[in-house]
Structure formats: C-alpha cells, structure tokens
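What follows is a set of notes on a single structure, which appears directly below.
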Amino acid sequence: MEKNKIEVTVMEDKKVLNVYSEIGKLKTVLLHRPGKEIENLTPDLMDRLLFDDIPYLEVARQEHDAFAKILSDNGVEVLYLEDLAAEAIEDASVKERFVDEFIKEAGILGEKKKQLVKELLLNCKTNRELVDKMMEGIRKSELPNYNATSLADMVDSGYPFVADPMPNLYFTRDPFATIGSGISLNHMRTVTRNRETLFAKYIFENHPRFKDSDVPKWFDRDDNTSLEGGDELVLNKEVLAIGISERTDAASIEKMAKRIFDKDESFKTVLAFHIPNKRAFMHLDTVFTMIDFDKFTIHPEIEGPLTVYAISRGEGNSIKIQKETQELDKVLAKYLEVEKVTLIRCGGGDMIDAAREQWNDGSNTLAIAPGEVVVYSRNHVTNKLLEEAGVKLHIMPSSELSRGRGGPRCMSMPLYRENL
C-alpha cells in the first residue's frame, strides 16, 4: 500500500507545464512550422493580416527547421502546434465541434457556404490535413459548386477567400502563454489573430497530454479585453513582467494578476511596463527580453518614455498598485533582488543601427539556459555586444522569417523549463 501511495503522489506532483523564469533550462517548447498560409498572403491582404512583407515559404521553412534543430540539439523537446491540434480532435464529436467553432469564428455567413466549408474540412483524409487547411485559409475556388448565394457574397465577389489564412501562426508566443503551472489563453487584439487561440483551446481541453492535468487558466479567450503572449514575461518565480502595449490592455493585466494571486502560485509581483503604441514596439518582448539572471536586451528608444507599475497582493481580494519612479535598471534590480542589472542596448544605442536591428527583432532573444540565447544572424551589431557581455549565442538564419516582424522568442512557446 505504501509503495502504491508513493507512486500516486509522484504522478500528482508531475506537472505538464512548468515555467517560472525566462532563462531556466528549456526542456519542452511549442513551435509552428510555416505552412501554405504564407503563400496565401498577397500585397492587398498584408495590412488586413498584419504583415509588412511576404516571406518566401521555402526559405522560411529552411530557417525554421534550423531553429528547431538548434533547440533539439540542445536537449529541447520540440512539439508542433499543428500536430497537437490534430491529435486533440481524434474523437469524432470533438472534431465536428471544432469545425463548427472554426466556421463561426472565420465569419462564414450563409447556410450553403457554411455547409460547403464543413464538408470540405470533414472530408479531409487526416486530422492533420484538416488542421493545415484551417491554418492556410480556404479559397473560394476550393469549394465545389461555389457561387455567390447572398447579397454579402455578391458585394464581396472580388475577395478570394471564404476563410482567411493565418500567417501569424508561426509566432506561437502570442495565442497563449505558459505562466508557472498554468496558461493565459489569450483574447487577442485583432479578429485575424484571435482565431489562432482556437487551436490552443482544443489542445488543452482534449489532447491526452494535457486534458487530465487540470491546467489553471489565468486568462480566457472569452475575456473582453486584450492580452497577447509577446507581452508576458516570467522574470522569476516571484515576478512577472507584462507590457501595456498596442496589443495588451491595462485592464487585462489587472484581471490576470488578481487570478494568479488568488491561487497557490509563487508570484508576488506583476511589473506592468507601459510601452509606446508603435508597430516596431508591438509587444514587450520585441523591445525587452531577459538573457541571464542580471542581463536584459532592450531597445534604447523605450527607456525614456517607459513607465513601470508594480502590482502586488493587497488585503482580501484586493491588489496594490505602485508607480515606480526609479530608472529601469534600478527597478529590475530591486524586484529581482540582484545588486545590479545590465541593459544591453539593441544596436549599441546607435540611432541607425538600433532602428534597423530593432525592426528585425534584435532585442527579441530566446533563452534556452541562463546566459545562453538564440538570435537572428542579421542583427550582427547587437549579437557582437551580447558576446562581449559573455552571452553564449546560437545564431539562426533569418532573411525570410524576420519579414513577419518577430524573432526567436516570438516564434516559441516554452511549456517546460527547469526551475532555477
């Protein structure tokens, strides 16, 4: 009996998610290999689908495979969003519910059109083919016997898609974020990206790896304010950093802080970073990432206008909010309880180099261990500074992936890190 009891306890203590820092040794990560959704981008659709350019898919995949190889060569288990989503819908009733929800969220109107899309998806030979089709988008030309069946169809007859592609999916950081032993299943700012969170919803509710693990949910895609994973950083087991940004509302941060504080988690403080609402500063992690216990990359342009608020537990169910007045490095040193914090400025602070390398995510690094990060090759000025600061670099090719305006951290969602 005692032996059985011990075995049960071990199983109960085993977490499927464990992220209590940005720099703990990375053990499991979620990626999405770019698919045909990239080839469904056109110049006319770039603004609608939040792109500034169109990556060349063949080369983008080669670069992404090089990224995955760096991770796996360093002992990281690499999981793919498309595979987990396909495995989560093995049950026929779950698959049909998934398809129905996709159709609703894709904004497909008209009973005939809905039925044609449903038949197309359910007639896919495999679940993986079904998921790929959802991700890449559905062209009108793919629907058999499709013709305009409503006034809306006739008015919009020149638009080529029944369901838009999801080219941002290779930035797996944003639809949900692992925080401690739970997740924030995010409500994203735009309709285009909010559809991406549907895959995570079905994975955590139905995939054998997660469904019986009672994963806490700090935020939900049905919440009515916006939150995106690129704004969420886990600095250590007691401190979170979340950006108030172009994509994340202050109200979301306060809501999530209350939920985390109400549970048996170790986090004591949420630092809310108010960053400028600019495309180049889309998320906090595009201008600020942690690379070691006392080192951060940062874009120099945010240091002046940056305001930091410290949110902590109050009495009862209340929270306390304090505006920090010290310089950023001193605020970080205070809450991380280190003597000094080093801020490594993108492009060395040079106006031209910093602007160019910030555009290509020079500040967006993925730590796979303390002082060991993955970076884009093209940001050579910043990379040299990192090396001079004693940081070990894993350099990946980046000519095409960078066109999506996101770096190695944006393209990865850690599911498990070793505790520091």
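The values are calculated or read from the model by the stated rules, or taken from the named source; none is laboratory data. No experiment lies behind these values; they were computed from the predicted model shown. Backbone-built Cβ (ideal geometry, glycine too); neighbour counts: all protein chains shown. Note: accessible area is taken over every heavy atom of the protein model, side chains too, but ligands, DNA and RNA are not part of it. Shrake-Rupley method; radii C 1.70, N 1.55, O 1.52, S 1.80 Å.
May I ask you to verify whether Thr269 is in contact with a helix residue (DSSP H, G or I) (Cβ under 7 Å, 6 or more places away or on another chain) and polar (S, T, N, Q)?
Numbers: in contact with a helix residue (DSSP H, G or I) (Cβ under 7 Å, 6 or more places away or on another chain): yes; polar (S, T, N, Q): yes.
Here the answer is yes, as Thr269 does meet what is asked.
Going through region 228-241 one residue at a time, which ones are surrounded by 18 or more Cβ atoms within 10 Å (Cβ to Cβ) and modelled with pLDDT of 95 or more? Break it down stepwise before answering.
If we filter region 228-241 for residues that are surrounded by 18 or more Cβ atoms within 10 Å (Cβ to Cβ), which is where we start, we get 228-236, 239-241.
Of everything in region 228-241, those that are surrounded by 18 or more Cβ atoms within 10 Å (Cβ to Cβ) and modelled with pLDDT of 95 or more turn out to be Glu232, Leu233, Val234, Leu235, Asn236, Val239, Leu240, Ala241.
Can you tell which of Arg195, Arg221 is within 27 Å of Ile89 (Cα to Cα), among the basic types (Lys, Arg) and out of contact with any Leu (no Cβ under 9 Å at 6 or more places or on another chain)?
Values: Arg221 fails: out of contact with any Leu (no Cβ under 9 Å at 6 or more places or on another chain).
Result of the check over Arg195, Arg221: Arg195.
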Checklist entry - Which condition does Leu332 not pass, out of (1) out of contact with any helix residue (DSSP H, G or I) (no Cβ under 6 Å at 6 or more places or on another chain); (2) open to solvent by 40 Å² or more (accessible area, probe 1.4 Å); (3) at pLDDT below 95, if it passes all the others? => result (2)
Checklist entry - Do we have any residue at all in region 359-367 that's surrounded by fewer than 20 Cβ atoms within 10 Å (Cβ to Cβ), without any contact (Cβ under 8 Å) to a residue 60 or more places away in the chain and assigned to a helix (DSSP H, G or I)? => result no
Checklist entry - Mind checking which residues of region 303-329 are surrounded by 12 or more Cβ atoms within 10 Å (Cβ to Cβ) and among the acidic types (Asp, Glu)? => result Glu303, Glu324, Glu327, Asp329
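Taking the options Gly24, Gly107, Gly75, name whichever one is buried (at least 21 other Cβ atoms within 10 Å of the Cβ), part of a loop (DSSP other than H, G, I, E, B) and not aliphatic (A, V, I, L, M).
Details: Gly107 fails: buried (at least 21 other Cβ atoms within 10 Å of the Cβ); Gly75 fails: buried (at least 21 other Cβ atoms within 10 Å of the Cβ).
The unique qualifying residue is Gly24.
Does region 337-351 contain any residue that is among the charged types (D, E, K, R), open to solvent by 60 Å² or more (accessible area, probe 1.4 Å) and touching a Pro at 6+ places or on another chain (Cβ under 8 Å)? Step through it out loud before you land on a result.
Here is the first cut: in region 337-351, the ones among the charged types (D, E, K, R) are 337, 339-340, 345, 350.
When the remaining residues are screened for being open to solvent by 60 Å² or more (accessible area, probe 1.4 Å), the result is 337, 339-340, 345, 350.
If we keep only those that are touching a Pro at 6+ places or on another chain (Cβ under 8 Å) as well, we get 345.
Yes - at least one qualifying residue is present in region 337-351.
Let's see how each residue does on (1) open to solvent by less than 10 Å² (accessible area, probe 1.4 Å); (2) in contact with a helix residue (DSSP H, G or I) (Cβ under 7 Å, 6 or more places away or on another chain); (3) under 26 Å from Asn40 (Cβ atoms); (4) in a loop (DSSP other than H, G, I, E, B):
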{"residue": "Val162", "(1), (2), (3), (4)": "no, yes, yes, no"}
{"residue": "Pro165", "(1), (2), (3), (4)": "yes, yes, yes, yes"}
{"residue": "Thr172", "(1), (2), (3), (4)": "yes, yes, yes, yes"}
{"residue": "Ala177", "(1), (2), (3), (4)": "yes, yes, no, no"}
{"residue": "Leu198", "(1), (2), (3), (4)": "yes, yes, yes, no"}
{"residue": "Pro208", "(1), (2), (3), (4)": "no, no, no, yes"}
{"residue": "Lys211", "(1), (2), (3), (4)": "no, yes, no, yes"}
{"residue": "Asp222", "(1), (2), (3), (4)": "no, no, no, yes"}
